[in-house]
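Trainee: Got a structure for you, written out below as C-alpha cells; questions coming shortly.
All of the numbers you see were taken from the coordinates with simple rules; none came from a lab. On a predicted model such as this, the values are computed, not experimentally measured, just so you know. Don't worry about glycine lacking a Cβ; one is built from the backbone with ideal geometry, like all the others, and counts go over all protein chains shown.
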Amino acid sequence: MNERLFNQVRNDFPDFSFRQGKKFAFRPPTTVIIGPDEAHDDLLLLHEVSHAVLKHRDFKTNIERLKMESEAWEKAKELANKYKIEVDEDFIQDELDTYRDWLHKKSRCPKCGLTRFQTPDGLYHCPRCENF
Ligand SMILES: [Zn+2]
Ligand SMILES: [Zn+2]
C-alpha cells in the first residue's frame with residue numbers, strides 16, 4: 001500500500017474507519033476494508049473510499065449495484081487526480097466488466113436461458129417461464 005496516499009486519505013476522511021481484510025471492500029456506512037498489496041491497490045483504495053463518500057448503502061437490484069460501481073469509479077478518478085495517483089482506465093473498465101459479466105450470469109433464467117428482470121424487491125422474473 002502506498003503509505004503517502006493512505007495517510008492522506010485517513011487525514012481527509014477522519015470519520016471513516018479502515019480495517020485490514022482479505023480483499024478491498026466497502027462495508028456501509030463508512031468502513032473501508034484494505035486488501036493485501038497488489039497492482040492498482042491505490043486505485044482500489046480510492047474506489048472503496050468513494051463508496052463511503054457517495055454514501056452508498058445496500059442495494060436491492062443488481063442494476064443499482066452496477067450503477068453504484070460506476071459512480072464509485074468516477075469519484076475515484078476525481079480523488080486520484082487530487083492525490084496525484086495515475087488513473088489506469090483499462091484497469092477500471094476491466095473491473096466494471098467483471099460486474100457486467102456477473103450481472104449477465106445472474107440474470108440468466110436457469111430453466112430457459114432467457115435474460116430475466118429484477119423487480120424493486122430484488123426478485124428475478126423470467127418473462128417466458130412466468131407467462132407475462
Ligand atoms: Zn465497488
Ligand atoms: Zn425462463
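Trainee: Would you mind computing, in nm to one decimal, how far apart the modelled labels at residue 91 and residue 11 are, each placed 7 Å from Cα along Cα→Cβ?
Mentor: 2.3 nm
Trainee: In the structure shown, do any of 60/105; 67/105; 67/111; 55/77; 60/106; 67/106 have a Cα-Cα gap over 19 Å, and if so which?
Mentor: Listed pairs above 19 Å: 67/111.
Trainee: Assuming R0 = 30 Å, what is the FRET efficiency of residue 39 and residue 60, from their Cβ-Cβ distance, to the nearest 0.05?
Mentor: With R0 = 30 Å, the Cβ-Cβ based efficiency is 0.35.
Trainee: Another one. Please list, in chain and number order, the residues 5+ apart from residue 31 or on another chain whose amide H is under 5 Å from its amide H, with Hs placed from the backbone.
Mentor: Sorted by chain and number, the residues that satisfy this are 17.
Trainee: Towards the positive end of the charge dipole of the chain, with charges on Cβ (+1 Lys, Arg; -1 Asp, Glu), say which of 39, 126, 103 has the farthest Cα.
Mentor: The residue sitting farthest along the positive end of the dipole is 126.
Trainee: Add +1 for every Lys or Arg and -1 for every Asp or Glu among the other residues with Cβ under 10 Å from the Cβ of residue 51, and state the total.
Mentor: Summing Lys and Arg as +1 and Asp and Glu as -1 gives +1.
Trainee: So, one more: Sketch the reach of a paramagnetic label on residue 70 as a point 7 Å from Cα along Cα-to-Cβ, and name the residues of segment 77-100 whose backbone nitrogen lies under 14 Å away.
Mentor: Counting only backbone N, you get 93-100.
Trainee: With θ set to phi - 60°, apply the Karplus curve 6.51 cos²θ - 1.76 cosθ + 1.60 along segment 91-105 and write out the HN-Hα couplings as whole Hz, x wherever there is a Gly or Pro.
Mentor: With the stated coefficients, segment 91-105 comes to 4, 5, 5, 4, 4, 5, 4, 5, 5, 5, 4, 4, 4, 4, 5 Hz.
Trainee: While we're looking at this one, here's another question. Need the full-extension length gain, residue 20 to residue 128, defined as separation in residues times 0.36 nm minus the C-alpha distance. One decimal, nm.
Mentor: Full extension of this stretch gives 34.4 nm more.
Trainee: Can you tell me the convex hull volume per residue for the chain, based on C-alpha atoms, in Å³ to the nearest whole number?
Mentor: Hull volume over Cα atoms, normalised by residue count, gives 113 Å³.
Trainee: Excluding residues fewer than 8 places away in the same chain, name every one of the aspartates and glutamates whose C-alpha is closer than 17 Å to that of residue 22.
Mentor: Counting by Cα, and skipping residues close in sequence, residue 22 has these aspartates and glutamates nearby: 37, 38, 41, 42, 48.
Trainee: Of all beta bridges DSSP finds with both residues in the chain, what is the antiparallel percent, to the nearest 5?
Mentor: Around 60 percent antiparallel, to the nearest 5.
Trainee: Here is a follow-up. Lys and Arg at +1, Asp and Glu at -1: add these up for the other residues within a Cβ distance under 13 Å of residue 74 and post the number.
Mentor: -2
Trainee: Further, regarding this structure: Using θ = phi - 60° and the Karplus form 6.51 cos²θ - 1.76 cosθ + 1.60, what ³J(HN,Hα) does each residue of segment 80-85 get, whole Hz, x for Gly and Pro?
Mentor: Values per residue, Gly and Pro as x: 4, 5, 4, 8, 6, 9 Hz.
Trainee: I'd like the Karplus ³J(HN,Hα) series for segment 50-57: coefficients 6.51, -1.76, 1.60, θ = phi - 60°, whole numbers in Hz, and an x wherever there's a Gly or Pro.
Mentor: 4, 4, 5, 4, 7, 6, 5, 10
Trainee: Taking amide H positions as placed in the peptide plane 1.01 Å from N, state which residues far from residue 108 in sequence (5 or more) or on other chains have amide H under 5 Å from it.
Mentor: 116
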